[in-house]
Every structure is written in C-alpha cells, then in structure tokens.
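Novice: I am attaching a structure below and will ask some questions about it afterwards.
Quick note: the coordinates plus some simple rules give every number you see, no bench work behind them. Note that this is a predicted model, so its numbers are computed, not measured. Reconstructed Cβ throughout: ideal geometry from the backbone, glycine too, with neighbour counts over all protein chains shown.
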Amino acid sequence: MVEIKAKLSYYRVAPRKVRLVADLIRGKKADEALAQLSFIGKRSAPDIAKLLKSAISNAKNNYKVDTEAVDLYIKEIKVDGGPSYKRYRPVWRGMAHPFRRRTSHISIVLGEKKK
C-alpha cells in the first residue's frame with residue numbers, strides 16, 4: 001500500500017474555517033469528495049478541491065497508480081495552523097488594537113482500495 005501525499009502551506013484562511021470543509025470529506029472516495037467540494041459554499045472548498053486533484057495526479061504520475069483499477073480514498077486530511085500575520089486596527093482616542101490574520105497548512109494523504 002502506497003500513501004499518496006499532497007500539501008498546501010501558508011494558506012491564508014484560518015484553520016478553524018478550513019477544518020469545517022475538511023471534516024466533510026474525511027474518509028470519502030476521492031471522486032465523491034471532488035463532487036461534494038464543488039457544491040460547498042465555503043471559501044476554502046475550491047482550494048481543497050485543487051489540492052485533492054493534485055494528490056490524484058501525484059498518484060498517476062509519481063506512483064504509477066492506475067486510477068481505473070483502484071479506488072482512491074482520503075485516508076487522512078489534516079489542517080494545522082501556520083504563522084499568523086500581526087495587524088493593527090485603529091480605534092478611539094488614537095489607539096490601535098492588535099489582531100492576527102491566521103494561516104493554515106493543509107495536508108492530504110490518499111489510500112487505495114482494490115475494486
């Protein structure tokens with residue numbers, strides 16, 4: 001069994017928001033997950049779909065997996081927090097309140113099941 005991996009680093013959406021989409025497709029077949037991602041109305045859904053397509057093409061090109069003879073499924077999808085950008089918002093009396101723009105690291109591992 002070969003594990004096919006793909007990773008997206010420094011994605012400029014908070015991990016808390018990305019995990020909502022990742023939880024919906026965890027454990028599903030790759031083609032079912034792509035179909036479901038096309039209908040999800042979250043900002044991170046198209047980018048996760050692009051990452052999943054990248055993992056599928058990694059399976060075809062790097063590992064010579066015949067996707068017609070094998071069912072690929074999402075064995076693991078992990079969303080970790082990346083570095084935060086520190087920004088400041090002006091408020092009353094000439095002060096500034098800090099806030100953080102969070103980033104994410106997303107990694108997908110595909111497994112294979114024989115048809």
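Novice: For the stretch 23-39: of the residues being of a type in the set (Lys, Arg) and in contact with a Phe, Trp or Tyr (Cβ under 9 Å, 6 or more places away or on another chain), which is nearest to Val79 (Cα to Cα)? Steps first, please.
Specialist: Taking the stretch 23-39 first, the residues of a type in the set (Lys, Arg) are 26, 28-29.
Checking which are in contact with a Phe, Trp or Tyr (Cβ under 9 Å, 6 or more places away or on another chain) leaves us with 28-29.
On the way: Lys28: 17, Lys29: 19 Å.
Per the criteria, the residue is Lys28.
Novice: I'd like the full set of residues that are within 18 Å of Lys114 (Cα to Cα), charged (D, E, K, R) and touching a residue at least 12 places away in the same chain (Cβ under 8 Å), limited to the stretch 39-75.
Specialist: Answer for the stretch 39-75, where residues must be within 18 Å of Lys114 (Cα to Cα), charged (D, E, K, R) and touching a residue at least 12 places away in the same chain (Cβ under 8 Å): Asp71, Lys75.
Novice: If you check Val65 against the conditions, is it in contact with a Lys or Arg (Cβ under 8 Å, 6 or more places away or on another chain) and surrounded by 12 or more Cβ atoms within 10 Å (Cβ to Cβ)? Show your work before the answer.
Specialist: Working: in contact with a Lys or Arg (Cβ under 8 Å, 6 or more places away or on another chain): no; surrounded by 12 or more Cβ atoms within 10 Å (Cβ to Cβ): yes.
Against the criterion (in contact with a Lys or Arg (Cβ under 8 Å, 6 or more places away or on another chain) and surrounded by 12 or more Cβ atoms within 10 Å (Cβ to Cβ)), Val65 does not qualify.
Novice: Being free of Cβ contacts under 8 Å to residues at least 60 places away in the same chain and assigned to a strand (DSSP E or B): is that true of Lys113 here? Spell out how you get there, then give the answer.
Specialist: On the way: free of Cβ contacts under 8 Å to residues at least 60 places away in the same chain: yes; assigned to a strand (DSSP E or B): yes.
When the stated conditions are applied, Lys113 passes them.
Novice: While we're looking at this one, here's another question. What single numbered condition from (1) under 16 Å from Glu3 (Cβ atoms); (2) crowded, with 20+ Cβ neighbours inside 10 Å; (3) in contact with a Phe, Trp or Tyr (Cβ under 9 Å, 6 or more places away or on another chain) fails to hold for Leu72?
Specialist: (3)
Novice: Does Ile40 meet the test of being surrounded by 14 or more Cβ atoms within 10 Å (Cβ to Cβ), under 11 Å from the mean Cα position of the chain (by Cα) and closer than 30 Å to Glu68 by Cβ? Spell out the reasoning first.
Specialist: Details: surrounded by 14 or more Cβ atoms within 10 Å (Cβ to Cβ): yes; under 11 Å from the mean Cα position of the chain (by Cα): no; closer than 30 Å to Glu68 by Cβ: yes.
Judged against the criteria, Ile40 is not a match.
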